[in-house]
1. Once B and A are treated as a pair rather than alone, how much accessible area drops out, both sides summed, in Å² to 100, probe 1.4 Å?
2. From largest to smallest, what semi-axes in whole angstrom does region B:36-88 give when each is the square root of 5 times an eigenvalue of its alpha carbon gyration tensor?
3. About the Cα centre of chain A, what is the dipole size in debye to 20, counting +1 per Lys and Arg Cβ and -1 per Asp and Glu Cβ, all else neutral?
4. Under 30 Å Cα-Cα from A:Lys23, which lysines qualify once same-chain neighbours fewer than 8 residues away are excluded?
5. Å³ per residue of the Cα convex hull, for the protein assembly as shown?
6. For region B:163-244, which GluC sites (Glu not before Pro) are in a loop by DSSP, counting at most 15 other Cβ atoms within 10 Å?
7. Note down the nm distance, to one decimal, between modelled labels 7 Å out along Cα→Cβ at A:Gln111 and at A:Thr150.
8. Sort out for me the Cα centre separation of region B:235-294 from region B:161-187, rounded to whole Å.
Protein chains: 2
Amino acid sequence: MQTSDNSRHEGAGPDPLALDVRKSAILNAVVTEYIGSAQPVGSQHVMDAPGVSVSSATIRADMAALERDGYLAQPHTSAGRIPTDKGYRFFVDHLGGPGALDPVGRQQVRQFFDHAHGEIEMMLEKTSGLLADLTDCTAMVVGPSHELATLRSVQLVGLGPRLALLVVVLADGAVQKQSIDLAEDVDEGRLADAARYLAAHSLGRALSQIDATLVTTGDPATDAVVSVGVDALRHLGSAEAGDQLFVGGSSHMAAAFDAVDTVRSVLTILEQQLVVVTLLRDVLDRGLSVAIGTEHGVEPLASCAVVVMPVSVDGVVTGTIGLLGPTRMNYPQALAAAQVVGNRLGQRLSESRR
Amino acid sequence: MQTSDNSRHEGAGPDPLALDVRKSAILNAVVTEYIGSAQPVGSQHVMDAPGVSVSSATIRADMAALERDGYLAQPHTSAGRIPTDKGYRFFVDHLGGPGALDPVGRQQVRQFFDHAHGEIEMMLEKTSGLLADLTDCTAMVVGPSHELATLRSVQLVGLGPRLALLVVVLADGAVQKQSIDLAEDVDEGRLADAARYLAAHSLGRALSQIDATLVTTGDPATDAVVSVGVDALRHLGSAEAGDQLFVGGSSHMAAAFDAVDTVRSVLTILEQQLVVVTLLRDVLDRGLSVAIGTEHGVEPLASCAVVVMPVSVDGVVTGTIGLLGPTRMNYPQALAAAQVVGNRLGQRLSESRR
DNA sequence: CGTTGGCACTCCATTCTACTGAGTGCTGAC
DNA sequence: GTCAGCACTCAGTAGAATGGAGTGCCAACG
């Protein structure tokens, strides 16, 4: 029954990277074809594929074997084959290769980064749009974390009688703010004093390194302001304030599925920033660059695949970009786009902090 | 043929706020029913509606008249009637009333604003989520413009040899930044000097009131920095930097339509911030609070309706909230929700600047 | 032994038909 | 002006027939 020579009987054995060269070619053909057409592909079509020069009967036998091993599935008897998640996985890992961006896309990327200007948030937002355009997927960009960036400026601005704003500038150009409720009226002079002490206490450090040590200025009223200031700084450094997410091209999800229910559930997920960020981080932490179907734990995205790519700023991974598409997305293209854009973005961010 | 006593013959005459009391009741019933069921409604169903106590035959005659006058339409012969845009318009203007939020929603709003905290952007973002939840529509929130807010702080922070960041704090708590490329290396002292002069030039004014008058400090190098600083300030005051848009609940659009194409085109529009902001502003400028179907000029949204509501901070209209749904959205509910949330949001924003 | 052409079989998709039933428009009577 | 009655229309559903793409199996071939 089993025709291949790398012996393994029926059932889905562990076969780590087995598969006959011809079976690989056939799987490759099926995946490629299906990505393009979204239609089950039959043995006839596979015959035309390069690297496969056997009759359709032989292909059928191999496809049956591939189905037994879990790489392919049949929507119903006497239909063509569709890749399973495992099939896509093999395709991504052993076939398909890295793929290259088409010249048009390459040009688009170049142009984008040549003309990219303005503040970081704007750029990340636009980057998500670019990625979405390039890949016909939904793009997710998680802004670089500011954990390691050191404080360049700390300022307290009075906004009302008992209200002030703590404004912090980090070395990477990020500006964060935190409103502060004061126990009693504080005049500008005292605010400025407090800000000076806060600065002395924190400048040059990262937000996460601010300790709660009290600074004594000699004046108890000022001390009180400094104290809430320190609290505010530590709050900014905590996880709550971090991780901006930019999602672009969510409309592509409506083009990817024809079941409107699927679209809705996917969009619902995309609206939950925390879920998305966690998902991307999880995948990355597991050392993957692609998560297919149920490989990530988010059930409503079972018919989706995620491509993730770290963004390194000055050699340190701080940001993430992700692509979300149907499991039958164009993996080589998505990987190539994510890689190129990720690199350029990292470069760009590194430059801008010199 | 025409049964009503307020004489007007066939054809879609101007009839500004005509319509027989019974015809109104029938139209009301059709719209209400259709909003709930999304199914064409027939004369039988209208019979059950309150305020209509005539036989189905009479209702049929009236519905035929309503169709002739353009308030109703038939998907095909011998189907029930569906409201046209004109029908919805009449419903919104003369029927349906303001509507009230259900107690659950009211509770939700109260709870939200009681617990709302954190920075303004976060709050606006969450407000869009709240509105979307309340109405099953997609919610759009345009942040209050900072045109009128006066400058409370101007600061220049050096980030690199020839790179600085202009950080501006406005009286309403908004923080804006703009990176500045310097022609030559500038040390911290000179930056501080320049910032001081900038502050003297601009503090207490609104961003839009910054004029290009050069400030002479006596030192040409400092003057150069001040000059780019002024440019940057004016840039921040220009339209480009304004109008943050927060969109929440776009997944509801996938539930509203069963044609996946419609969903895609609507989502595509929602991704274009400028289009959305312009749309909302347009509708508001025309003095409308509801724009139905083609009343706003955006063709891909022809099957959608928009509800807009201004947000007043200290009595001045500065922000906008909008709801986007299918033309058969629940107008009374949407209007009520928009009104309540708009008011509370305005109050909240007014408070926070005291 | 792997490969191949042939063949019977399966079953989705399409088409056609018939039928149902919700809904209409009309008409004549009250 | 309203209403009951009636003939008519037509989307939607269900069932039967058809076509065709695709499969699995097998016997034969090099």
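1. Numbers: alone 17480 and 17480 Å², together 31760 Å².
Buried area between the two chains comes out at roughly 3200 Å².
2. On the way: eigenvalues 55, 32, 25 Å².
After scaling each eigenvalue by five and taking roots: 17, 13, 11 Å.
3. On the way: 26 positive and 41 negative charges, 182 e Å.
Rounded to the nearest 20 debye, it is 880 debye.
4. Those lysines meeting the cut-off are A:Lys86.
5. Values: hull volume 144.4 nm³, N = 708.
In the protein assembly as shown, the Cα hull volume divided by residue count equals 204 Å³.
6. Numbers: sites: B:Glu184, B:Glu188, B:Glu240; in loops: B:Glu184.
When the GluC sites (Glu not before Pro) of region B:163-244 are filtered for loop state and at most 15 Cβ neighbours within 10 Å, B:Glu184 remain.
7. 4.1 nm
8. The two parts, judged by their Cα centres, are 31 Å apart.
The values are calculated or read from the model by the stated rules, or taken from the named source; none is laboratory data. As the structure is a prediction and not an experimental result, all values here were calculated from the model. Neighbour counts run over all protein chains shown; Cβ positions are idealised from the backbone, glycine included. For the accessible areas, the whole protein counts, side chains as well, though only heavy atoms, and no ligand, DNA or RNA atoms are used. Shrake-Rupley method; radii C 1.70, N 1.55, O 1.52, S 1.80 Å.
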